[in-house]
1. Which numbered condition trips up Arg378, out of (1) out of contact with any Leu (no Cβ under 9 Å at 6 or more places or on another chain); (2) over 26 Å from Ala316 (Cα atoms)?
2. When the stretch 390-415 is examined, which residues are found to be hydrophobic (A, V, I, L, M, F, W, C), within 22 Å of Ile451 (Cβ to Cβ) and either free of Cβ contacts under 8 Å to residues at least 24 places away in the same chain or assigned to a loop (DSSP other than H, G, I, E, B) (or both)?
3. Does Ile276 count as surrounded by 20 or more Cβ atoms within 10 Å (Cβ to Cβ), assigned to a helix (DSSP H, G or I) and touching a residue at least 12 places away in the same chain (Cβ under 8 Å)?
4. Pull out all pairs, ordered by first then second residue, where Cβ-Cβ is under 8 Å, the residues are six or more apart or on different chains, the first lies in the stretch 118-132 and is farther than 9 Å from Ile144 by Cα, and the second is crowded, with 24+ Cβ neighbours inside 10 Å and among the aromatic types (Phe, Trp, Tyr).
5. Would you pick out the residues in the stretch 314-328 that are hydrophobic (A, V, I, L, M, F, W, C) and touching a residue at least 60 places away in the same chain (Cβ under 8 Å)?
6. Any residue in the stretch 164-190 that is within 26 Å of Val299 (Cα to Cα) sitting within a Cβ distance under 8 Å of a residue that is open to solvent by less than 70 Å² (accessible area, probe 1.4 Å) and of a type in the set (D, E, K, R)? List the pairs, counting only those 6 or more apart or interchain.
7. Considering each residue of the stretch 69-86, count those that are buried (at least 24 other Cβ atoms within 10 Å of the Cβ) and either among the hydroxyl-bearing types (Ser, Thr, Tyr) or in a helix (DSSP H, G or I) (or both), and give that number.
8. Is it true that some residue in the stretch 187-195 is among the hydrophobic types (A, V, I, L, M, F, W, C), open to solvent by 50 Å² or more (accessible area, probe 1.4 Å) and outside any loop (DSSP other than H, G, I, E, B)?
Amino acid sequence: MKSMLRSGLFEIEQESIAPIPAEARHGRSRELFTIWFGMNMTPLTVVTGATATTLLGLPMVSSIIAILLGHALGGIGMALHAAQGPQLGVPQMLQARGQFGSRGASLIVLVAILMFVGYFSSNLIVSADSITALLPEAGGTAMIIGCAVLSFVIAAFGYNLVRKVTAFGAYIVGALVLVSFAALLAGGDFWARMNHGEFTWTGFLAMLAIGIVWQLTYAPYVSDYSRYMPARSGTRGAFWGTYLGCVVSSALLMILGAGVGIAVGGVDTMTGLNGILGPVLGAAVLVGFALVAAAGNSVNAYCSALCALTLVETFASGWRPGAKARLVTSLVLHVLGVTLALAAATSFASSYFSFLSVLLYVLIPWSAVNLVDYYVIRHGSYAVDEFYAADGGRYGRWNAGSLIVFGIGVLAQIPFMATPLYTGAAAEAMGGIDVAWLVGLGVSSLAYMVIARTAPALVRLNSGSAEPQVLGK
């Protein structure tokens with residue numbers, strides 16, 4: 001007998017930011033694999049990969065190495081966040097209250113909302129561009145709105161439909177990607193220009209960082225999906241299903257983008273891909289990419305709604321948002337995303353690269369604090385019910401130690417930053433090489449371990465011992 005708490009594909013999901021009870025738990029690792037494999041099968045991934053051989057000017061082999069290494073490394077941290085979902089059963093950003101306090105976590109939640117809306121808008125722009133490259137008369141504005149409507153309908157039904165749609169899209173675009181690779185490798189332009197460009201450590205490390213941040217930007221919401229996995233058996237599956245799905249798909253499409261970028265030179269990436277494929281295959285691939293990306297954008301929409309509800313619930317004591325609140329919030333965020341997409345479409349490439357860089361600097365310290373606290377300090381032992389306490393429960397409203405470490409982690413990166421907007425002194429001295437992400441990760445991890453060991457009161461480790469809470473235990 002199906003649990004009343006487990007929605008069908010076309011039933012509005014009733015769960016929101018509350019813990020997922022044992023009777024509503026379901027799913028396997030291969031289903032997580034298809035979610036994240038399909039999530040990355042978008043034109044945005046291809047365009048981002050083209051950065052290696054166009055904006056950064058790397059040769060093809062160097063681009064491939066940087067892409068593979070960046071995604072492989074960043075995926076580890078991202079998947080470690082996913083493995084928390086089955087244990088705690090709550091959205092990732094709500095779980096941040098265990099490290100930063102109920103109100104302290106709102107800072108991280110706000111950053112996550114901005115990230116989700118940014119990615120949502122970026123996907124709208126590139127999806128629309130894919131269609132208008134084929135049908136200029138379609139109009140970019142109409143395509144952006146149409147893609148947003150498709151995303152809203154899917155996100156409105158909730159987790160189960162989002163999961164099925166992204167899985168279905170993975171198979172469609174997976175086949176289109178194979179066709180695209182075959183056409184690229186069969187063309188003479190790719191092989192003739194394969195060694196064009198020049199290896200520089202600046203370019204290589206920049207592309208490496210893009211791969212890392214691409215994976216880490218999923219960290220704030222991978223648990224939103226793995227939280228539905230069974231508590232006892234889902235942790236290992238959540239890690240590997242999420243890691244392999246996200247890393248394989250994103251690396252594959254970025255390598256395709258790098259190849260297209262080097263083959264077509266300065267031509268727009270998706271337009272160039274259309275030219276390589278020819279009119280018939282090009283039409284099929286571009287439309288397929290655009291539709292799957294628009295549908296897959298529901299992942300960003302669904303999670304941004306959960307984050308927004310988490311933020312509001314922080315300051316609305318006793319309020320428990322349900323399906324109606326999720327739907328209204330999702331609608332508002334879709335309107336915001338469309339507005340941003342229409343405003344940013346004219347300067348997308350430069351704006352998007354800067355957007356990725358800033359995200360990296362902010363997310364690294366949060367990720368370091370979360371992972372060290374979960375795996376090293378508390379070993380997954382949290383009192384989940386107290387995440388919802390009006391006064392923050394044992395974790396308090398403000399966790400001074402975590403917020404101090406977060407600030408230290410961000411500040412430590414400033415001298416090492418290298419962005420179009422600002423380049424730090426250390427980055428200039430190293431010829432523009434950006435290692436801020438590495439500095440932020442190391443400093444934040446070390447600082448949090450030191451504070452947790454020497455001043456446990458600052459991270460509220462002296463406020464009671466929580467046994468690992470597994471719902472339905």
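The values are calculated or read from the model by the stated rules, or taken from the named source; none is laboratory data. As the structure is a computational prediction, the values presented were derived from the model and not from experiment. Note that each Cβ is placed from the backbone with ideal geometry, even for glycine, and that neighbours are counted across all protein chains shown. The accessibility values were calculated without ligands, DNA or RNA, using every heavy atom of the protein model including side chains. Shrake-Rupley method; radii C 1.70, N 1.55, O 1.52, S 1.80 Å.
1. (1)
2. Result: Trp398, Leu411, Ile414.
3. yes
4. What qualifies is Ser130/Phe289.
5. Phe315, Ala323, Ala325, Leu327, listed by residue number.
6. Ala167/Glu31
7. So in the stretch 69-86, the residues buried (at least 24 other Cβ atoms within 10 Å of the Cβ) come out as 70-71, 74-75, 78-79, 81-86.
Those left that are additionally either among the hydroxyl-bearing types (Ser, Thr, Tyr) or in a helix (DSSP H, G or I) (or both): 70-71, 74-75, 78-79, 81-82, 84-86.
The total comes to 11.
8. Step one: filter the stretch 187-195 for residues among the hydrophobic types (A, V, I, L, M, F, W, C), giving 190-192, 194.
Restricting the remaining residues to those that are open to solvent by 50 Å² or more (accessible area, probe 1.4 Å) gives 191-192.
Subset that is outside any loop (DSSP other than H, G, I, E, B): 191-192.
Yes, the conditions are met somewhere in the stretch 187-195.
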